[in-house]
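Below is one structure; the comments refer to it alone.
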């Protein structure tokens, strides 16, 4: 009996030493432990439309650090994580709606929704207020998800995914006796403006054989990206919240937006004419266009349009007269807490999600590793790095995707109708349809009276 007790005591001492060693081995960079946060072994589901729930079979160094940190979180807070697919890209709102309608709180969930579908979530109160860890997530998403002073969701990480930017063909610029480093220098000293870009576009356009047709064009890209990029780069927007906290259509009254839309119409003279909307992808690879206003992934993903040429660089959208800094129209995925829990449970989910999105031991610059093989260092270090921290989410996203809201599906659009009149006239003619969309979002739609019998 004494021998058995001695073995038990020895085992207990060994376990105690191991626990102490584990505590000693916790990296100093790990966040301070939140006292009292304990999930009792429950699983927290982080749902989206693209995750698999599987860890990489051969993780890279940063992934190994991430997995070690997640393991520490699971042990420290007595929790299990399941980051997995719940529904389709365009079906996540319905999934949350079903949870809320049925008050299904049988699981602990944080749910991700693409920014273009977030309007119904806010309009119908499907997410609970989010109050914890807001300083960790990026400000643009917090601003977008704040209505009447209350934030209802955060993004999937600390940094933004840049969208609109200006790619340039180094060879075309050099052929026009332009040192492409001048673009980066102008960006660095704050002189990269609409007018400055026009100076370069005027220099590169040329009809080499005098046949009346340009052989080198200044600009290509999806024209909608050019429009949105100019609006954002001049501190413009198509909608705003009024003093009552209701969404209003403002494009026909906002001087910044009208100035941007007017300039976009003027820039038609620089765009290589399209026959089909996606002709720009072919034009760019032909190598006779200097600039391409597009979305960052079209170059930095490595297998997209911009890489159809050998030598390219990238700067931010130039600043408009009303802007003090460069910007990008971002479109982050939004994560929130379904409105089915009590406040204590909601806070616990916010806390663990904030902790989960960290990777405190990772190399903070590793995001750029793959980009250096695609383009020059200045595009990565000066442009992409800047745009990861500077951007805005335009408010049309409350009402739907860009094509549906700002296009011309219902005859009340804007961006596909530029040139049908002045910018002010086009925006004014779109007002009835835009006001109807806002009324739906605000819950102000008045039902039609029943027909008289």
**OP:** Output yes when any residue across the range 246-264 is modelled with pLDDT under 95, surrounded by 15 or more Cβ atoms within 10 Å (Cβ to Cβ), assigned by TED's automatic domain parsing to the domain that holds residue 396 and not in a strand (DSSP E or B), and no when none is.
**Re:** yes
**OP:** Look at residue 53 and say whether it is in contact (Cβ under 8 Å) with a residue 24 or more places away in the chain and either more than 25 Å from the chain's Cα centre (by Cα) or loosely packed, with under 12 Cβ neighbours inside 10 Å (or both).
**Re:** yes
Original post:
Of all residues in the range 334-363, which are in a loop (DSSP other than H, G, I, E, B) and buried (at least 22 other Cβ atoms within 10 Å of the Cβ)?
Top reply: 337
Original post:
Does residue 240 count as in a strand (DSSP E or B), in contact with a helix residue (DSSP H, G or I) (Cβ under 9 Å, 6 or more places away or on another chain) and over 14 Å from residue 166 (Cα atoms)?
Top reply: yes
**OP:** Tally the residues that are surrounded by 16 or more Cβ atoms within 10 Å (Cβ to Cβ) and assigned to a loop (DSSP other than H, G, I, E, B), restricting the search to the range 265-286.
**Re:** 2
**OP:** Only residues that are buried (at least 17 other Cβ atoms within 10 Å of the Cβ) and over 12 Å from residue 165 (Cα atoms): list them for the range 295-305, please.
**Re:** 305
**OP:** Output the residues belonging to the range 86-123 that are surrounded by 16 or more Cβ atoms within 10 Å (Cβ to Cβ) and either in a loop (DSSP other than H, G, I, E, B) or not assigned by TED's automatic domain parsing to the domain that holds residue 338 (or both).
**Re:** 86, 87, 114, 118
**OP:** Tell me, please, whether a residue that is surrounded by fewer than 21 Cβ atoms within 10 Å (Cβ to Cβ), in contact with a strand residue (DSSP E or B) (Cβ under 7 Å, 6 or more places away or on another chain) and outside the structural domain of residue 127 (by TED's automatic domain parsing) can be found in the range 148-168.
**Re:** no
Subject >> In the range 372-397, residue farthest from the chain's Cα centre (by Cα) [restricted to those that are without any contact (Cβ under 8 Å) to a residue 24 or more places away in the chain and either closer than 15 Å to residue 434 by Cβ or not in a loop (DSSP other than H, G, I, E, B) (or both)] >> reply: 377
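Conditions tested, residue by residue: (1) without any contact (Cβ under 8 Å) to a residue 24 or more places away in the chain; (2) in contact with a strand residue (DSSP E or B) (Cβ under 7 Å, 6 or more places away or on another chain); (3) in the same structural domain as residue 256 (by TED's automatic domain parsing).
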{"position": "185", "(1), (2), (3)": "yes, no, yes"}
{"position": "208", "(1), (2), (3)": "yes, no, yes"}
{"position": "213", "(1), (2), (3)": "yes, no, yes"}
{"position": "221", "(1), (2), (3)": "no, yes, yes"}
{"position": "224", "(1), (2), (3)": "no, no, yes"}
Original post:
Does at least one position in the range 57-68 carry a residue that is at pLDDT below 95, assigned to a helix (DSSP H, G or I) and not assigned by TED's automatic domain parsing to the domain that holds residue 115?
Top reply: no
Subject >> Residue tally, condition within 14 Å of residue 223 (Cβ to Cβ) and assigned to a helix (DSSP H, G or I), over the range 398-425 >> reply: 3
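The values are calculated or read from the model by the stated rules, or taken from the named source; none is laboratory data. Fair warning: this is a prediction, and the values are worked out from it, not measured in the lab. Positions of Cβ are generated from backbone atoms using ideal geometry, with glycine treated the same way; all protein chains shown enter the neighbour counts.
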